[in-house]
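A.B. asks: Take a look at the following structure, please.
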Amino acid sequence: SGKTMSARRLARGACRVYGGKPWLVDTQGVQSKSYAPASGETPGGALFDFQRVELAPPYDPGAYLGALEHCVSQGARVIVVDGLSEEHEGEGGMLDMQDEEWAKHGRSNGTKWMSWIRPKRERQRFIGWLRRQELMVMFCFRAKDKLEIKKGEDPKRLGWSWIGGD
């Protein structure tokens with residue numbers, strides 16, 4: 001869908017206002033390197049001059065917070081996070097965190113709601129930090145086709161929805 005390219009183009013423009021080079025918190029691995037100019041090439045068009053921080057599993061909210069804090073400590077004013085869907089459903093993300101907590105409580109139906117307390121608290125700490133910053137952060141999400149399924153009927157397409165938490 002072009003989310004990475006679009007975010008980088010927006011970041012390049014935002015740096016004209018905020019200053020500095022765009023930073024990239026990268027969960028996509030080698031894919032992002034294809035957007036960087038090779039030695040001797042000039043950035044422009046589909047090539048972008050950016051600082052890159054690789055983020056590997058576990059993709060919990062604290063890992064994202066640490067990566068963003070690092071960028072800010074290095075002077076970042078514009079940051080692209082590619083992508084934030086891993087924070088929700090990636091290895092060590094919110095769904096894994098909840099499952100681990102639920103296992104600690106014996107996986108009983110009565111404790112399932114409790115297993116969300118720690119993961120949601122960590123996400124809120126991450127969101128709270130973001131709200132206090134004076135910088136531009138752009139998040140890339142993968143998307144999925146959302147369906148409404150009713151017994152005896154064909155699935156009804158509801159459109160695209162991001163993969164992530166509320």
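The values are calculated or read from the model by the stated rules, or taken from the named source; none is laboratory data. Just so it is clear, the structure is predicted and the values come from calculations on it, not from any experiment. For neighbour counting, all protein chains shown are included, and Cβ atoms are generated from backbone atoms with ideal geometry for every residue, glycine included. Quick note on the areas: whole protein, heavy atoms, side chains included, nothing else; ligands and nucleic acids left out. Shrake-Rupley method; radii C 1.70, N 1.55, O 1.52, S 1.80 Å.
A.B. asks: Determine whether region 103-119 contains at least one residue that is of a type in the set (A, V, I, L, M, F, W, C), touching a helix residue (DSSP H, G or I) at 6+ places or on another chain (Cβ under 7 Å) and open to solvent by less than 40 Å² (accessible area, probe 1.4 Å).
C.D. replies: No, every residue in region 103-119 fails to be of a type in the set (A, V, I, L, M, F, W, C), touching a helix residue (DSSP H, G or I) at 6+ places or on another chain (Cβ under 7 Å) and open to solvent by less than 40 Å² (accessible area, probe 1.4 Å).
A.B. asks: When residues of region 141-160 are filtered for being within 14 Å of Lys3 (Cβ to Cβ), in a strand (DSSP E or B) and either open to solvent by less than 80 Å² (accessible area, probe 1.4 Å) or of a type in the set (S, T, N, Q) (or both), how many remain?
C.D. replies: Total meeting the criteria: 1.
A.B. asks: Go through (1) at pLDDT 85 or above; (2) surrounded by fewer than 16 Cβ atoms within 10 Å (Cβ to Cβ); (3) closer than 19 Å to Phe141 by Cβ; (4) under 16 Å from the mean Cα position of the chain (by Cα) and name the single condition Gly66 misses.
C.D. replies: (3)
A.B. asks: So which pairs qualify, if the first residue must be in region 64-85 and under 20 Å from Phe48 (Cβ atoms) and in a helix (DSSP H, G or I), the second must be open to solvent by less than 10 Å² (accessible area, probe 1.4 Å) and among the β-branched types (Val, Ile, Thr), the Cβ gap must be under 7 Å, and the two must be at least 6 apart or on different chains?
C.D. replies: Going by the 7 Å Cβ cut-off, the qualifying pairs are Ala67/Val25; Leu68/Val25; Leu68/Ile79; Cys71/Val25; Cys71/Ile79.
A.B. asks: Say we look at region 121-131 and pick out the residues that are free of Cβ contacts under 8 Å to residues at least 24 places away in the same chain and of a type in the set (Lys, Arg); which of these is least open to solvent (accessible area, probe 1.4 Å)?
C.D. replies: Arg121
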